[in-house]
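Worksheet: the structure to be examined is printed underneath.
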Amino acid sequence: MSSTHIVVDLGFGDAGKGTMVDALARRSSTPPLVVRYNGGAQAGHNVHTDDGRHHTFSQFGAGTFVPGSRTLLSEHMIFHPTGLMAENEHLVSVGVQDAIRRLLVDGRALVVTPYQQSANRLREIARGDGRHGTCGLGIGETVGDSNDRPDMAVRASDLLDVATLRRKMVMTREWKRHQIAPLLATLVKYDEATPDIAVIEDTALIEKAVQTYARIGDLLRIVDPVVVDFQIRESEHVVFEGAQGVLLDEWYGFHPHTTWSTTTTKNADALIARAGRAGPVSRMGVIRAYATRHGQGPFPTEDATLSSLLPDRHNLDTSLQGRFRVGWFDVPLARYALSLCPGITELAVTCIDRCGVSPWKFCEAYEVPEESRERFYQLEPGGVSVGLRVHPPGDLVYQERLAKDLLLAKPVYREPDRPEGIVETIEKSLDVPVLVRSMGPTANEKVWL
């Protein structure tokens with residue numbers, strides 16, 4: 001019997017999507033097709049195996065440790081060719097020799113160039129103390145350029161056409177030089193900007209980049225829309241792997257601390273519909289037993305004590321992305337994320353094994369200032385709110401106001417009825433059944449209910 005699963009992160013990212021995709025791949029009667037339906041190489045989906053291996057999946061599907069499991073980078077994926085090859089090298093070093101042979105790339109997928117990656121870093125450096133938080137891999141630059149200058153957007157299919165690739169690479173470099181020029185007076189103050197300024201100014205890099213990308217293209221199976229639809233429609237088991245988290249969505253996240261990607265289940269649903277894939281769809285929302293956020297932006301339940309007690313070895317502080325922050329489970333934000341992903345059928349609650357802090361508590365509501373109340377719902381006397389209103393997409397001014405509201409929101413905390421009742425509290429508060437309790441990083445440490 002065939003199966004279709006959509007895996008989505010209901011937080012700010014880092015909830016454990018990779019470990020759940022790996023677990024789903026191992027439960028399939030035949031190895032699945034794992035479809036990356038958003039984001040790009042900034043993903044960091046960590047998978048640990050029972051035999052002690054570990055890999056951080058960025059572009060390959062997180063089911064790749066399972067022999068025969070395939071990856072499809074969809075048209076919604078932002079493809080980073082050199083990043084893919086670096087990732088493949090690590091997979092080879094941990095015993096996965098054939099990941100490239102099990103990979104398909106939609107020819108329509110946007111491709112990050114060296115110039116867009118450097119421009120991304122330089123813009124963030126120029127913001128100084130007002131940085132937004134970025135992984136610095138050029139995702140936003142690439143998406144923005146495709147909207148403003150579609151004629152120069154490099155697509156995966158261009159890796160098979162050197163002349164077209166060279167022409168677009170030249171155009172991209174000139175466009176980035178033009179955009180960064182007004183920032184140079186600020187950037188020269190920062191030593192960290194020097195390497196990326198050199199990338200944009202080095203004319204010799206163009207041909208080197210073209211030849212590198214073309215060689216990578218020759219190694220890949222870059223396919224057209226007919227093949228994409230066929231693979232999604234006819235594969236026995238398909239797992240759609242999301243990237244980042246719903247609360248970072250380009251339209252519904254808290255602007256400007258968001259990503260240039262649709263992080264809800266919208267893209268996965270569209271791919272299923274277009275391919276004509278039949279049968280029921282399981283939609284799994286992945287969420288930690290506590291809240292986390294990497295980088296800047298509102299985070300109502302952040303707690304410095306929890307941040308020190310619950311460090312994350314796979315999420316270290318970085319100069320561009322910022323600090324890794326930890327807080328208490330936030331019911332209003334989780335409800336908001338669920339409202340953006342209609343049809344979530346089950347939850348996977350991760351990191352339960354790390355919840356030994358006592359007493360444990362969770363945020364069940366906010367106290368919000370009077371001027372903010374119109375953007376929250378179910379207000380009670382005294383300005384207590386249990387959720388955020390969903391606004392029609394496209395109004396980033398509204399989302400920025402909501403971000404400022406969250407900075408002022410005061411969490412209302414409650415302890416679970418009993419220490420072991422964390423999962424039951426999450427299930428009852430969100431009114432979605434918990435299918436998986438993750439008690440550790442490996443597939444065997446998942447308890448399926």
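Every number here is computed from the coordinates shown, using simple stated rules; none is lab data. A quick note: this is a predicted structure, and the numbers were derived from the prediction, not measured. No Cβ is skipped: glycine too gets one built from the backbone with ideal geometry, and neighbour counts run over all protein chains shown.
In the chain, the DSSP beta bridges split such that about 40 percent are antiparallel, to the nearest 5. For the stretch 175-307, the relative contact order comes to 17 percent (Cα pairs under 8 Å, sequence separation of at least 6). Note on residue 212/residue 374: beta-carbon distance plugged into 1/(1 + (r/R0)^6) with R0 of 56 Å gives a FRET efficiency of 0.60. The Cα atoms of the stretch 132-235 define a convex hull whose projected area, averaged across directions, is 8.9 nm². Counting every alpha-carbon pair across the stretch 257-374, the share separated by more than 18 Å comes to 63%.
Dipole orientation for the chain: of the candidates 421, 298, 85, 85 has the Cα lying most toward the positive pole (charges on Cβ; Lys, Arg +1; Asp, Glu -1). Diffusion coefficient (Stokes-Einstein, Kirkwood radius over C-alpha pairs, 25 °C, 0.890 mPa s) for the stretch 8-74: 204 µm²/s, rounded to a whole number. Applying the Karplus relation 6.51 cos²θ - 1.76 cosθ + 1.60 with θ = phi - 60° to the stretch 286-302 yields 3J(HN,Hα) values of 9, 8, 6, 6, 9, 8, 9, 8, 9, x, 7, x, x, 7, x, 9, 4 Hz, where x marks Gly and Pro.
Listed by chain and number, the lysines whose C-alpha is less than 23 Å from the C-alpha of residue 410, apart from same-chain residues fewer than 8 away, are 361, 428. Sequence gap at least 6, Cα distance under 8 Å: using those rules, report the relative contact order of the chain to the nearest whole percent. Reported relative contact order: 20 percent. Extension gain for the segment residue 313 to residue 29, taken as residue separation times 0.36 nm less the Cα-Cα distance, is 99.0 nm to one decimal.
Label sites at residue 357 and residue 164, each approximated as a point 7 angstrom past Cα along Cα to Cβ, lie 5.1 nm apart.
Considering only 434, 331, 264, and ranking their Cα positions along the charge dipole of the chain that arises from unit charges at the beta-carbon of Lys, Arg, Asp and Glu, the one farthest toward the positive end is 264. For residue 62, the amide hydrogen comes within under 5 Å of no other amide hydrogen, counting only partners 5 or more places away or on other chains and with H modelled in the peptide plane. Working from label points 7 Å from Cα in the Cα-to-Cβ sense, the residue 415 to residue 177 distance is 6.5 nm.
Placing unit charges on each Cβ (+1 for Lys and Arg, -1 for Asp and Glu) gives the chain a dipole about its Cα centre, and among 344, 164, 287 the Cα reaching farthest toward its positive end belongs to 164. All C-alpha to C-alpha distances of the stretch 327-418, sorted into 10 Å bins beginning at zero, yield P(r) values of 14, 42, 32, 11, 0 percent in whole numbers. Overall, the stretch 1-131 carries a charge dipole of about 200 debye about its Cα centre when +1 sits on the Cβ of Lys and Arg and -1 on the Cβ of Asp and Glu, all other atoms neutral. About its Cα centre, the dipole of the chain is roughly 500 debye, where the only charges are +1 on Lys and Arg Cβ and -1 on Asp and Glu Cβ. Here is how the number arises for the chain: DSSP H runs of 4 or more residues each give -39500 (n - 2.57), the sum is divided by the residue count, and the result at 222 nm is -10000 deg cm²/dmol. Taken one residue at a time, the phi angles of the stretch 22-39 give Karplus couplings (6.51, -1.76, 1.60, θ = phi - 60°) of 4, 5, 5, 4, 6, 8, 6, 5, 10, x, x, 8, 9, 9, 7, 10, 6, x Hz. Gly and Pro are set to x.
Close amide H pairs (under 5 Å, H built 1.01 Å from N) link residue 46 with 18, 19, 57, residues at least 5 positions away or on another chain.
Is the shape of the chain best called rounded, prolate or oblate, per the rule: a/c under 1.5 gives rounded, else a/b larger than b/c gives prolate, else oblate, with a ≥ b ≥ c the square roots of the Cα gyration tensor eigenvalues? Walk me through the intermediate numbers first.
On the way: a/c = 1.75, a/b = 1.24, b/c = 1.42.
Cα axes put the chain in the oblate bin.
Cross-linked pairs 189/266; 404/446; 266/446: Cα-Cα separations exceed 32 Å for 189/266; 404/446.
Please give the direction-averaged projected area of the C-alpha convex hull for the stretch 16-122, in square nanometres with one decimal.
Working: hull surface 27.5 nm².
Hull-based average projected area comes out at 6.9 nm².
With each label modelled as a point 7 angstrom along the Cα→C-beta vector, the residue 151-residue 408 pair spans 4.7 nm. What's the FRET efficiency of residue 85 with residue 448 using the Cβ-Cβ distance as r and R₀ = 45 Å, to the nearest 0.05? Rounded to the nearest 0.05, the efficiency is 0.80.
Can you give the extra length, in nm with one decimal, that the chain gains between residue 185 and residue 391 once fully stretched, where that is 0.36 nm per residue apart less the Cα-Cα distance?
Gain on stretching residue 185 to residue 391: 70.3 nm.
Restricting the stretch 231-268 to GluC sites (Glu not before Pro) that sit in a DSSP loop and have at most 16 other Cβ atoms within 10 Å of their own Cβ leaves 236.
What are the ³J(HN,Hα) couplings of the stretch 341-348, residue after residue, when phi is run through the Karplus curve with 6.51, -1.76, 1.60 and θ = phi - 60°? Round to Hz, x for glycine and proline. So the Karplus estimates, Gly and Pro as x, are 10, x, x, 4, 9, 7, 10, 10 Hz. For the stretch 249-296, the Cβ-based charge dipole about the Cα centre amounts to some 160 debye (Lys, Arg positive; Asp, Glu negative; other atoms uncharged). Per-residue packing, averaged as other Cβ atoms within 10 Å, sorts the ranges 303-312, 102-111 into the order 102-111, 303-312, beginning with the highest.
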